[in-house]
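The values are calculated or read from the model by the stated rules, or taken from the named source; none is laboratory data. Because the structure is predicted, anything quoted here is derived from the model rather than measured. Virtual Cβ from ideal backbone geometry, glycine too; neighbours counted across all protein chains shown.
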Amino acid sequence: MDLDTAAWLASTHGRAALATATTHDDRAHDRAAAGDATAIDPLRAATALRKADPSLDPTQAAAVLTQVRLRRRARPRLGDIVEHLLLTEDGAEQATRTEVAKLRARRFVESGATRVADLGCGLGLDSIAFAQAGLSVSAVERDHVTAALARANADALGLSHLLDVTTGDVVADLELLNATLARTDAAFVDPARRDPKARTDGRSVRMTDPRSWSPPWSWVEELAIKVPQLAAKVAPGVPHELTPPAGCATWSSVDGTLVEAEIGWAAMNPGHIRRRAVVIRGTDTHIVESAHDLVDEVAPPTASVGSWLLEPDDAIIRSGLVGDLVASVAGWLLDARVAYVSTDVEPQTPLAAIFRVREALPFTIRALRDTLVADGIGHVVVKKRAISADPDNVRKELALKPSRTSAVVILTRIGDDPWAFVCDPS
Ligand SMILES: C[S@@+](CC[C@H](N)C(=O)[O-])C[C@H]1O[C@@H](n2cnc3c(N)ncnc32)[C@H](O)[C@@H]1O
(Lines give C-alpha, C1' and ligand atoms only; values in the text may rest on other atoms or scores of the structure.)
Protein backbone atom coordinates (compact mmCIF):
# COMPACT_ATOMS: atom_id res chain seq x y z
CA MET A 1 0.00 0.00 0.00
CA ASP A 2 1.26 3.51 -0.73
CA LEU A 3 0.68 6.65 1.34
CA ASP A 4 -2.02 8.00 -1.02
CA THR A 5 -4.02 4.80 -0.72
CA ALA A 6 -3.60 4.82 3.07
CA ALA A 7 -4.85 8.42 3.20
CA TRP A 8 -7.77 7.59 0.91
CA LEU A 9 -8.75 4.53 3.01
CA ALA A 10 -8.84 6.79 6.08
CA SER A 11 -11.05 9.34 4.29
CA THR A 12 -14.85 9.45 4.54
CA HIS A 13 -15.10 7.95 1.04
CA GLY A 14 -12.65 5.14 1.89
CA ARG A 15 -14.41 4.30 5.15
CA ALA A 16 -17.82 4.27 3.41
CA ALA A 17 -16.51 1.92 0.69
CA LEU A 18 -15.05 -0.32 3.40
CA ALA A 19 -18.41 -0.44 5.19
CA THR A 20 -20.16 -1.43 1.94
CA ALA A 21 -17.58 -4.11 1.15
CA THR A 22 -17.82 -5.46 4.72
CA THR A 23 -21.59 -5.83 4.41
CA HIS A 24 -21.16 -7.76 1.11
CA ASP A 25 -18.46 -9.91 2.67
CA ASP A 26 -20.58 -10.72 5.74
CA ARG A 27 -23.47 -11.75 3.47
CA ALA A 28 -21.14 -13.90 1.33
CA HIS A 29 -19.84 -15.66 4.44
CA ASP A 30 -23.41 -16.21 5.69
CA ARG A 31 -24.27 -17.82 2.32
CA ALA A 32 -21.09 -19.92 2.46
CA ALA A 33 -21.99 -21.08 5.97
CA ALA A 34 -25.40 -22.08 4.60
CA GLY A 35 -23.69 -24.32 2.02
CA ASP A 36 -23.23 -22.06 -1.02
CA ALA A 37 -19.75 -23.14 -2.18
CA THR A 38 -19.51 -20.29 -4.71
CA ALA A 39 -20.43 -17.50 -2.27
CA ILE A 40 -16.86 -16.42 -1.50
CA ASP A 41 -15.46 -15.24 -4.78
CA PRO A 42 -12.97 -12.31 -4.95
CA LEU A 43 -14.05 -11.45 -8.49
CA ARG A 44 -17.72 -11.27 -7.52
CA ALA A 45 -16.81 -9.19 -4.46
CA ALA A 46 -14.88 -6.72 -6.62
CA THR A 47 -17.72 -6.47 -9.15
CA ALA A 48 -20.31 -5.94 -6.40
CA LEU A 49 -18.20 -3.22 -4.82
CA ARG A 50 -17.61 -1.34 -8.10
CA LYS A 51 -21.34 -1.62 -8.85
CA ALA A 52 -22.27 -0.23 -5.43
CA ASP A 53 -19.77 2.63 -5.86
CA PRO A 54 -18.87 3.23 -9.53
CA SER A 55 -16.56 6.11 -8.52
CA LEU A 56 -13.98 3.66 -7.12
CA ASP A 57 -10.88 3.13 -9.23
CA PRO A 58 -9.34 -0.39 -9.40
CA THR A 59 -6.59 0.49 -6.85
CA GLN A 60 -9.15 1.76 -4.36
CA ALA A 61 -11.41 -1.25 -4.82
CA ALA A 62 -8.47 -3.63 -4.36
CA ALA A 63 -7.33 -1.75 -1.23
CA VAL A 64 -10.82 -1.95 0.27
CA LEU A 65 -11.13 -5.67 -0.42
CA THR A 66 -7.69 -6.27 1.10
CA GLN A 67 -8.81 -4.45 4.26
CA VAL A 68 -11.92 -6.61 4.46
CA ARG A 69 -9.78 -9.75 4.16
CA LEU A 70 -7.22 -8.54 6.73
CA ARG A 71 -9.92 -7.57 9.22
CA ARG A 72 -11.62 -10.95 8.88
CA ARG A 73 -8.31 -12.71 9.44
CA ALA A 74 -7.34 -10.49 12.40
CA ARG A 75 -10.72 -10.60 14.18
CA PRO A 76 -10.09 -13.85 16.12
CA ARG A 77 -6.86 -12.36 17.53
CA LEU A 78 -7.79 -8.71 17.94
CA GLY A 79 -11.56 -8.91 18.48
CA ASP A 80 -14.24 -6.39 17.54
CA ILE A 81 -11.79 -3.47 17.56
CA VAL A 82 -10.80 -4.53 14.00
CA GLU A 83 -14.01 -2.91 12.75
CA HIS A 84 -12.33 0.45 13.43
CA LEU A 85 -8.83 -0.43 12.23
CA LEU A 86 -6.94 -0.08 8.99
CA LEU A 87 -4.42 -2.88 8.72
CA THR A 88 -1.40 -4.14 6.86
CA GLU A 89 -0.51 -7.81 6.68
CA ASP A 90 2.71 -7.47 8.72
CA GLY A 91 1.21 -4.90 11.08
CA ALA A 92 -1.75 -7.15 11.90
CA GLU A 93 0.51 -10.14 12.47
CA GLN A 94 2.69 -8.22 14.92
CA ALA A 95 -0.14 -6.38 16.65
CA THR A 96 -0.62 -7.06 20.35
CA ARG A 97 -3.82 -8.85 21.27
CA THR A 98 -6.37 -6.49 22.72
CA GLU A 99 -6.73 -8.21 26.14
CA VAL A 100 -2.95 -8.43 26.55
CA ALA A 101 -2.47 -4.77 25.58
CA LYS A 102 -5.15 -3.71 28.10
CA LEU A 103 -3.38 -5.53 30.94
CA ARG A 104 -0.05 -3.98 29.94
CA ALA A 105 -1.66 -0.53 29.96
CA ARG A 106 -2.95 -1.25 33.46
CA ARG A 107 0.60 -2.09 34.60
CA PHE A 108 1.82 1.26 33.21
CA VAL A 109 -0.97 3.06 35.08
CA GLU A 110 -0.15 1.14 38.29
CA SER A 111 3.52 2.10 37.95
CA GLY A 112 2.49 5.76 38.11
CA ALA A 113 3.09 6.55 34.42
CA THR A 114 0.95 9.27 32.88
CA ARG A 115 2.64 9.95 29.51
CA VAL A 116 4.01 6.99 27.55
CA ALA A 117 6.32 6.89 24.53
CA ASP A 118 5.49 3.93 22.25
CA LEU A 119 8.72 3.57 20.26
CA GLY A 120 7.88 1.56 17.13
CA CYS A 121 4.10 1.62 17.50
CA GLY A 122 3.15 -0.39 14.39
CA LEU A 123 -0.59 -0.09 13.72
CA GLY A 124 -0.96 1.18 17.28
CA LEU A 125 -2.65 -1.61 19.24
CA ASP A 126 -0.54 -0.98 22.36
CA SER A 127 -0.79 2.80 21.95
CA ILE A 128 -4.56 2.49 21.66
CA ALA A 129 -4.73 0.45 24.90
CA PHE A 130 -2.52 3.03 26.66
CA ALA A 131 -4.79 5.85 25.50
CA GLN A 132 -7.93 3.93 26.41
CA ALA A 133 -6.45 3.54 29.91
CA GLY A 134 -6.25 7.34 30.11
CA LEU A 135 -2.51 7.69 29.41
CA SER A 136 -1.29 10.28 26.96
CA VAL A 137 0.77 8.61 24.24
CA SER A 138 3.59 9.85 22.01
CA ALA A 139 3.96 7.10 19.44
CA VAL A 140 6.71 6.87 16.81
CA GLU A 141 6.73 4.60 13.77
CA ARG A 142 9.38 4.59 11.06
CA ASP A 143 7.28 3.08 8.29
CA HIS A 144 5.33 5.92 6.67
CA VAL A 145 2.28 3.89 5.67
CA THR A 146 2.07 2.07 9.02
CA ALA A 147 2.36 5.40 10.86
CA ALA A 148 -0.45 6.87 8.71
CA LEU A 149 -2.65 3.89 9.49
CA ALA A 150 -1.84 4.10 13.22
CA ARG A 151 -2.91 7.76 13.10
CA ALA A 152 -6.11 6.83 11.27
CA ASN A 153 -6.78 4.06 13.81
CA ALA A 154 -6.41 6.46 16.75
CA ASP A 155 -8.73 8.87 14.96
CA ALA A 156 -11.36 6.22 14.20
CA LEU A 157 -11.44 5.28 17.89
CA GLY A 158 -11.78 8.91 19.00
CA LEU A 159 -8.37 8.84 20.70
CA SER A 160 -6.48 11.48 18.70
CA HIS A 161 -6.54 13.90 21.64
CA LEU A 162 -4.51 11.38 23.68
CA LEU A 163 -2.51 9.59 21.01
CA ASP A 164 -0.08 11.37 18.74
CA VAL A 165 1.84 9.42 16.05
CA THR A 166 5.09 10.77 14.60
CA THR A 167 6.75 9.22 11.57
CA GLY A 168 10.44 8.65 12.24
CA ASP A 169 13.24 6.32 13.24
CA VAL A 170 13.88 6.25 16.98
CA VAL A 171 17.30 4.63 16.55
CA ALA A 172 18.68 6.78 13.72
CA ASP A 173 17.10 10.08 14.77
CA LEU A 174 18.42 10.93 18.24
CA GLU A 175 16.77 14.34 18.16
CA LEU A 176 13.37 12.76 17.57
CA LEU A 177 13.98 10.21 20.34
CA ASN A 178 15.03 12.86 22.85
CA ALA A 179 12.10 15.13 21.94
CA THR A 180 9.70 12.21 22.39
CA LEU A 181 11.23 11.22 25.72
CA ALA A 182 11.11 14.83 26.91
CA ARG A 183 7.31 14.74 26.52
CA THR A 184 6.87 11.45 28.39
CA ASP A 185 7.64 9.82 31.74
CA ALA A 186 7.60 6.17 30.64
CA ALA A 187 8.32 4.18 27.49
CA PHE A 188 7.26 1.00 25.77
CA VAL A 189 9.12 -0.77 22.96
CA ASP A 190 7.78 -3.66 20.92
CA PRO A 191 10.74 -4.42 18.64
CA ALA A 192 9.88 -5.78 15.19
CA ARG A 193 10.84 -9.45 15.29
CA ARG A 194 10.01 -10.24 11.68
CA ASP A 195 12.17 -9.75 8.65
CA PRO A 196 9.95 -8.00 6.07
CA LYS A 197 12.36 -8.95 3.28
CA ALA A 198 12.41 -12.70 3.97
CA ARG A 199 9.07 -14.42 3.43
CA THR A 200 7.84 -18.00 3.57
CA ASP A 201 4.29 -18.84 2.50
CA GLY A 202 3.72 -15.13 1.94
CA ARG A 203 4.49 -14.30 5.60
CA SER A 204 7.51 -12.49 6.97
CA VAL A 205 10.03 -14.68 8.76
CA ARG A 206 10.51 -14.49 12.56
CA MET A 207 13.93 -13.40 13.80
CA THR A 208 14.86 -15.17 17.03
CA ASP A 209 18.15 -13.40 17.75
CA PRO A 210 17.45 -10.23 19.85
CA ARG A 211 20.40 -8.54 18.10
CA SER A 212 18.44 -8.70 14.82
CA TRP A 213 15.25 -7.18 16.23
CA SER A 214 14.40 -3.61 15.31
CA PRO A 215 15.23 -1.79 17.51
CA PRO A 216 17.84 -4.33 18.65
CA TRP A 217 17.79 -5.50 22.29
CA SER A 218 21.07 -3.68 23.14
CA TRP A 219 19.36 -0.40 22.16
CA VAL A 220 16.39 -1.22 24.42
CA GLU A 221 18.74 -1.96 27.34
CA GLU A 222 20.51 1.38 26.82
CA LEU A 223 17.16 3.14 26.68
CA ALA A 224 16.45 1.89 30.22
CA ILE A 225 19.24 4.14 31.47
CA LYS A 226 17.41 7.17 30.01
CA VAL A 227 13.90 5.99 30.84
CA PRO A 228 13.77 3.93 34.05
CA GLN A 229 10.03 3.38 33.62
CA LEU A 230 10.42 1.08 30.63
CA ALA A 231 8.81 -2.13 29.44
CA ALA A 232 9.42 -4.09 26.25
CA LYS A 233 7.48 -6.82 24.52
CA VAL A 234 9.67 -9.79 23.61
CA ALA A 235 9.40 -13.27 22.12
CA PRO A 236 7.88 -15.73 24.61
CA GLY A 237 10.99 -17.93 24.39
CA VAL A 238 13.27 -15.33 26.03
CA PRO A 239 15.56 -16.61 28.77
CA HIS A 240 14.87 -15.50 32.36
CA GLU A 241 18.34 -13.91 32.45
CA LEU A 242 17.05 -11.11 30.21
CA THR A 243 15.05 -9.75 33.16
CA PRO A 244 16.95 -6.74 34.58
CA PRO A 245 17.72 -6.43 38.31
CA ALA A 246 14.53 -5.68 40.28
CA GLY A 247 12.54 -5.94 37.03
CA CYS A 248 9.74 -8.32 36.17
CA ALA A 249 9.08 -10.69 33.27
CA THR A 250 5.49 -11.42 32.31
CA TRP A 251 4.40 -14.29 30.07
CA SER A 252 0.88 -14.10 28.63
CA SER A 253 -1.26 -16.78 27.07
CA VAL A 254 -4.66 -16.46 25.42
CA ASP A 255 -6.95 -19.50 25.28
CA GLY A 256 -4.02 -21.88 25.71
CA THR A 257 -1.63 -20.20 23.25
CA LEU A 258 1.45 -18.45 24.58
CA VAL A 259 1.39 -15.08 22.81
CA GLU A 260 4.14 -12.91 24.25
CA ALA A 261 6.49 -12.05 27.05
CA GLU A 262 7.16 -8.60 28.45
CA ILE A 263 10.21 -7.38 30.30
CA GLY A 264 9.58 -4.54 32.75
CA TRP A 265 12.42 -2.60 34.36
CA ALA A 266 12.56 -1.87 38.11
CA ALA A 267 10.57 1.38 37.99
CA MET A 268 7.77 -0.51 36.20
CA ASN A 269 7.64 -3.01 39.05
CA PRO A 270 6.24 -1.35 42.18
CA GLY A 271 5.05 -4.72 43.54
CA HIS A 272 8.60 -6.21 43.40
CA ILE A 273 7.40 -9.15 41.32
CA ARG A 274 10.08 -11.11 39.43
CA ARG A 275 7.95 -13.48 37.36
CA ARG A 276 4.32 -13.29 36.30
CA ALA A 277 2.05 -15.55 34.25
CA VAL A 278 -1.09 -14.03 32.75
CA VAL A 279 -3.50 -16.74 31.65
CA ILE A 280 -6.44 -15.37 29.67
CA ARG A 281 -9.27 -17.79 28.97
CA GLY A 282 -12.33 -16.35 27.27
CA THR A 283 -13.28 -13.32 29.30
CA ASP A 284 -11.43 -14.47 32.45
CA THR A 285 -7.91 -13.45 33.38
CA HIS A 286 -5.83 -15.37 35.92
CA ILE A 287 -2.55 -13.98 37.19
CA VAL A 288 0.13 -15.93 39.05
CA GLU A 289 3.14 -14.04 40.41
CA SER A 290 6.33 -14.75 42.29
CA ALA A 291 8.70 -12.34 44.02
CA HIS A 292 11.54 -14.87 43.66
CA ASP A 293 13.90 -15.67 40.82
CA LEU A 294 13.54 -18.98 39.04
CA VAL A 295 16.88 -20.19 40.46
CA ASP A 296 15.52 -19.68 44.00
CA GLU A 297 12.40 -21.75 43.32
CA VAL A 298 11.89 -24.70 45.69
CA ALA A 299 11.52 -27.86 43.58
CA PRO A 300 8.01 -29.37 43.81
CA PRO A 301 7.70 -32.95 45.12
CA THR A 302 7.73 -35.85 42.63
CA ALA A 303 5.80 -39.13 42.78
CA SER A 304 4.11 -41.61 40.47
CA VAL A 305 0.88 -40.76 38.71
CA GLY A 306 -2.33 -40.27 40.68
CA SER A 307 -5.95 -40.05 39.51
CA TRP A 308 -5.49 -36.79 37.59
CA LEU A 309 -2.90 -35.48 35.19
CA LEU A 310 -2.49 -31.77 34.46
CA GLU A 311 -0.79 -30.16 31.50
CA PRO A 312 0.11 -26.63 32.67
CA ASP A 313 -0.61 -23.63 30.49
CA ASP A 314 2.53 -22.52 28.62
CA ALA A 315 2.55 -19.15 30.41
CA ILE A 316 2.86 -21.07 33.70
CA ILE A 317 5.63 -23.27 32.30
CA ARG A 318 7.67 -20.44 30.73
CA SER A 319 7.44 -18.28 33.84
CA GLY A 320 8.65 -21.23 35.92
CA LEU A 321 5.51 -21.08 38.08
CA VAL A 322 4.64 -24.78 37.83
CA GLY A 323 5.47 -25.11 41.56
CA ASP A 324 2.62 -22.71 42.38
CA LEU A 325 0.24 -24.77 40.26
CA VAL A 326 1.45 -27.98 41.97
CA ALA A 327 0.79 -26.44 45.42
CA SER A 328 -2.63 -25.09 44.38
CA VAL A 329 -3.89 -28.57 43.41
CA ALA A 330 -2.17 -30.46 46.27
CA GLY A 331 -0.17 -32.25 43.59
CA TRP A 332 3.28 -33.34 42.52
CA LEU A 333 5.38 -33.75 39.39
CA LEU A 334 5.89 -37.08 37.67
CA ASP A 335 9.49 -36.10 36.93
CA ALA A 336 11.36 -33.08 38.29
CA ARG A 337 12.35 -31.97 34.75
CA VAL A 338 9.02 -32.42 33.01
CA ALA A 339 5.99 -30.14 33.45
CA TYR A 340 3.29 -32.78 34.01
CA VAL A 341 1.50 -32.41 37.33
CA SER A 342 -0.52 -35.12 39.03
CA THR A 343 -2.93 -35.19 41.98
CA ASP A 344 -5.53 -37.41 43.61
CA VAL A 345 -7.91 -34.56 44.39
CA GLU A 346 -10.15 -33.51 41.49
CA PRO A 347 -8.43 -30.27 40.41
CA GLN A 348 -10.31 -27.04 39.74
CA THR A 349 -7.85 -24.77 38.01
CA PRO A 350 -7.86 -22.60 34.90
CA LEU A 351 -4.05 -22.83 34.77
CA ALA A 352 -3.84 -26.28 33.16
CA ALA A 353 -5.63 -28.74 30.93
CA ILE A 354 -6.99 -31.47 33.23
CA PHE A 355 -7.26 -35.17 32.39
CA ARG A 356 -8.59 -38.09 34.46
CA VAL A 357 -6.12 -40.98 34.25
CA ARG A 358 -7.55 -44.35 33.16
CA GLU A 359 -4.36 -46.33 32.65
CA ALA A 360 -0.64 -45.84 33.20
CA LEU A 361 1.89 -48.09 31.47
CA PRO A 362 5.51 -48.20 30.31
CA PHE A 363 5.28 -47.01 26.71
CA THR A 364 5.64 -49.30 23.76
CA ILE A 365 3.31 -49.08 20.75
CA ARG A 366 2.26 -52.66 21.30
CA ALA A 367 1.48 -52.32 25.02
CA LEU A 368 -0.39 -49.06 24.38
CA ARG A 369 -2.38 -50.59 21.53
CA ASP A 370 -3.35 -53.62 23.62
CA THR A 371 -4.56 -51.35 26.42
CA LEU A 372 -6.57 -49.11 24.08
CA VAL A 373 -8.13 -52.08 22.26
CA ALA A 374 -9.04 -53.72 25.60
CA ASP A 375 -10.77 -50.47 26.61
CA GLY A 376 -12.64 -50.27 23.28
CA ILE A 377 -10.97 -46.99 22.34
CA GLY A 378 -11.08 -46.17 18.62
CA HIS A 379 -9.78 -42.64 18.50
CA VAL A 380 -6.93 -40.95 20.37
CA VAL A 381 -5.44 -37.49 20.71
CA VAL A 382 -1.73 -37.96 21.43
CA LYS A 383 0.13 -35.38 23.53
CA LYS A 384 3.74 -35.59 24.51
CA ARG A 385 6.48 -33.87 26.44
CA ALA A 386 10.18 -34.73 26.93
CA ILE A 387 9.99 -37.72 24.61
CA SER A 388 10.97 -37.95 20.97
CA ALA A 389 7.86 -39.83 19.76
CA ASP A 390 5.91 -38.07 17.00
CA PRO A 391 2.18 -37.91 17.92
CA ASP A 392 1.01 -38.35 14.30
CA ASN A 393 3.22 -41.37 13.78
CA VAL A 394 2.12 -42.89 17.08
CA ARG A 395 -1.52 -42.50 16.06
CA LYS A 396 -0.79 -44.11 12.68
CA GLU A 397 1.22 -46.95 14.22
CA LEU A 398 -1.58 -47.67 16.70
CA ALA A 399 -3.91 -48.26 13.72
CA LEU A 400 -6.99 -48.36 15.93
CA LYS A 401 -10.31 -49.55 14.56
CA PRO A 402 -12.71 -46.61 14.71
CA SER A 403 -15.16 -46.68 17.60
CA ARG A 404 -17.16 -44.05 19.42
CA THR A 405 -14.90 -44.11 22.46
CA SER A 406 -11.98 -41.72 22.47
CA ALA A 407 -9.10 -41.00 24.83
CA VAL A 408 -6.18 -38.66 25.29
CA VAL A 409 -2.83 -40.43 25.34
CA ILE A 410 -0.06 -38.55 27.15
CA LEU A 411 3.48 -39.70 26.43
CA THR A 412 6.36 -38.61 28.58
CA ARG A 413 9.58 -39.68 30.20
CA ILE A 414 9.95 -40.49 33.89
CA GLY A 415 13.62 -40.72 34.72
CA ASP A 416 14.95 -42.46 31.61
CA ASP A 417 11.82 -44.49 30.93
CA PRO A 418 9.06 -43.69 28.43
CA TRP A 419 5.54 -43.83 29.89
CA ALA A 420 2.07 -43.63 28.42
CA PHE A 421 -1.02 -42.39 30.27
CA VAL A 422 -4.43 -43.11 28.82
CA CYS A 423 -6.81 -40.41 29.98
CA ASP A 424 -10.41 -39.34 29.53
CA PRO A 425 -10.69 -36.26 27.35
CA SER A 426 -10.92 -33.10 29.50
C1 LIG B 1 6.11 -5.33 16.50
S2 LIG B 1 5.65 -3.90 15.70
C3 LIG B 1 4.73 -3.00 16.90
C4 LIG B 1 3.34 -3.54 17.08
C5 LIG B 1 2.52 -2.75 18.07
N6 LIG B 1 3.00 -2.90 19.42
C7 LIG B 1 1.08 -3.15 18.01
O8 LIG B 1 0.59 -3.84 18.91
O9 LIG B 1 0.40 -2.77 17.03
C10 LIG B 1 7.14 -3.03 15.64
C11 LIG B 1 7.09 -1.77 14.82
O12 LIG B 1 8.28 -1.03 15.08
C13 LIG B 1 8.64 -0.34 13.92
N14 LIG B 1 10.09 -0.03 14.04
C15 LIG B 1 11.12 -0.89 13.96
N16 LIG B 1 12.28 -0.23 14.13
C17 LIG B 1 11.96 1.07 14.33
C18 LIG B 1 12.73 2.24 14.54
N19 LIG B 1 14.05 2.19 14.59
N20 LIG B 1 12.08 3.42 14.71
C21 LIG B 1 10.72 3.47 14.66
N22 LIG B 1 9.94 2.39 14.43
C23 LIG B 1 10.56 1.21 14.28
C24 LIG B 1 8.33 -1.32 12.81
O25 LIG B 1 8.16 -0.63 11.57
C26 LIG B 1 7.06 -1.99 13.32
O27 LIG B 1 5.93 -1.38 12.78
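Can you tell me how many residues in segment 153-180 are small (Gly, Ala, Ser), more than 13 Å from the ligand (Cβ to nearest atom) and out of contact with any Ser or Thr (no Cβ under 9 Å at 6 or more places or on another chain)? Steps first, answer last, please.
So the first thing to find is which residues in segment 153-180 are small (Gly, Ala, Ser), and the list is 154, 156, 158, 160, 168, 172, 179.
In the following step, the residues that additionally are more than 13 Å from the ligand (Cβ to nearest atom) were identified as 156, 158, 160, 179.
If we keep only those that are out of contact with any Ser or Thr (no Cβ under 9 Å at 6 or more places or on another chain) as well, we get 156, 158, 160.
Residues that pass the stated criteria total 3.
Among the residues of segment 247-272, those identified as on the phi < 0 side of the Ramachandran plot and surrounded by fewer than 18 Cβ atoms within 10 Å (Cβ to Cβ) are THR257, ALA266, PRO270, GLY271.
Would you tally the residues in segment 181-198 being under 26 Å from the mean Cα position of the chain (by Cα), away from the ligand (no atom under 12 Å from the Cβ) and crowded, with 19+ Cβ neighbours inside 10 Å? It would help to see each step written out before you state the result.
The first filter runs over segment 181-198 and keeps only residues under 26 Å from the mean Cα position of the chain (by Cα), leaving 186-198.
Filter once more, so that each one left must be away from the ligand (no atom under 12 Å from the Cβ): 186-187, 197-198.
After this cut, where a residue has to be crowded, with 19+ Cβ neighbours inside 10 Å as well, the list is 186-187.
Of the residues in that region, 2 qualify.
Residues considered: VAL220, VAL259, VAL279. Of these, the only one that is modelled with pLDDT of 95 or more, away from the ligand (no atom under 16 Å from the Cβ) and not assigned by TED's automatic domain parsing to the domain that holds ASP324 is VAL279. Taking segment 102-124 as the range and being over 23 Å from HIS144 (Cα atoms), without any contact (Cβ under 8 Å) to a residue 40 or more places away in the chain and buried (at least 23 other Cβ atoms within 10 Å of the Cβ) as the test, only ALA105 passes.
Taking the conditions exactly as written (touching a strand residue (DSSP E or B) at 6+ places or on another chain (Cβ under 8 Å), crowded, with 21+ Cβ neighbours inside 10 Å and of a type in the set (Asp, Glu)), does ASP313 satisfy them or not? Taking the combined requirement at face value, the residue satisfies it. Of all residues in segment 106-120, those satisfying the criterion of being over 21 Å from the mean Cα position of the chain (by Cα) and outside any loop (DSSP other than H, G, I, E, B) are VAL109, GLU110, ARG115, VAL116, ALA117.
Of all the numbered requirements in (1) in contact with a helix residue (DSSP H, G or I) (Cβ under 7 Å, 6 or more places away or on another chain); (2) over 26 Å from ALA92 (Cα atoms); (3) within 13 Å of the ligand (Cβ to nearest atom), VAL227 misses one, and that requirement is (3). Selection over segment 42-91 of residues that are within 18 Å of the chain's Cα centre (by Cα) and either free of Cβ contacts under 8 Å to residues at least 12 places away in the same chain or part of a helix (DSSP H, G or I) (or both) gives a count of 16.
Among the residues in segment 364-379, are any buried (at least 21 other Cβ atoms within 10 Å of the Cβ) and closer than 25 Å to GLU262 by Cβ? Don't jump to the end; show me each part of the working.
Residues of segment 364-379 buried (at least 21 other Cβ atoms within 10 Å of the Cβ): 368, 372, 377.
Filter once more, keeping what is closer than 25 Å to GLU262 by Cβ: none.
Checking segment 364-379: not a single residue is buried (at least 21 other Cβ atoms within 10 Å of the Cβ) and closer than 25 Å to GLU262 by Cβ.
Just one of (1) free of Cβ contacts under 8 Å to residues at least 60 places away in the same chain; (2) within 8 Å of the ligand (Cβ to nearest atom) fails for VAL137. It is (2). Only strands (runs of 3 or more DSSP E) whose full extent lies in segment 327-382 are considered here, and the ones with at least 1 residues that are closer than 24 Å to VAL278 by Cβ and in contact (Cβ under 8 Å) with a residue 60 or more places away in the chain are 338-343, 352-362.
Only a single item in (1) more than 30 Å from GLY256 (Cα to Cα); (2) within 12 Å of the ligand (Cβ to nearest atom); (3) not polar (S, T, N, Q) is not met by ARG115, and it is number (2). Taken over segment 234-278, the criterion of being assigned to a strand (DSSP E or B) and of a type in the set (Ser, Thr, Tyr) is satisfied by THR250, SER252, SER253, THR257. A search for C-beta distances below 7 Å between a residue of segment 385-403 that is modelled with pLDDT under 95 and part of a loop (DSSP other than H, G, I, E, B) and any residue that is polar (S, T, N, Q) and surrounded by 16 or more Cβ atoms within 10 Å (Cβ to Cβ), counting only pairs 6+ apart in sequence or on different chains, returns ALA386/THR412; ILE387/THR412.
Picking from ARG77, ARG69, ARG97, ARG142, which residue would you name as being away from the ligand (no atom under 15 Å from the Cβ) and not hydroxyl-bearing (Ser, Thr, Tyr)?
Numbers: ARG77 fails: away from the ligand (no atom under 15 Å from the Cβ); ARG97 fails: away from the ligand (no atom under 15 Å from the Cβ); ARG142 fails: away from the ligand (no atom under 15 Å from the Cβ).
None of the others qualify; the one that does is ARG69.
Selection of segment 52-82 for residues being of a type in the set (D, E, K, R) and surrounded by 11 or more Cβ atoms within 10 Å (Cβ to Cβ) yields ASP53, ARG69, ARG71, ARG72, ARG73, ARG75, ARG77.
Which one of ARG413, ARG395, ARG337 is within 29 Å of VAL288 (Cβ to Cβ), in contact with a strand residue (DSSP E or B) (Cβ under 7 Å, 6 or more places away or on another chain) and among the charged types (D, E, K, R)?
Matching residue, one of ARG413, ARG395, ARG337: ARG413.
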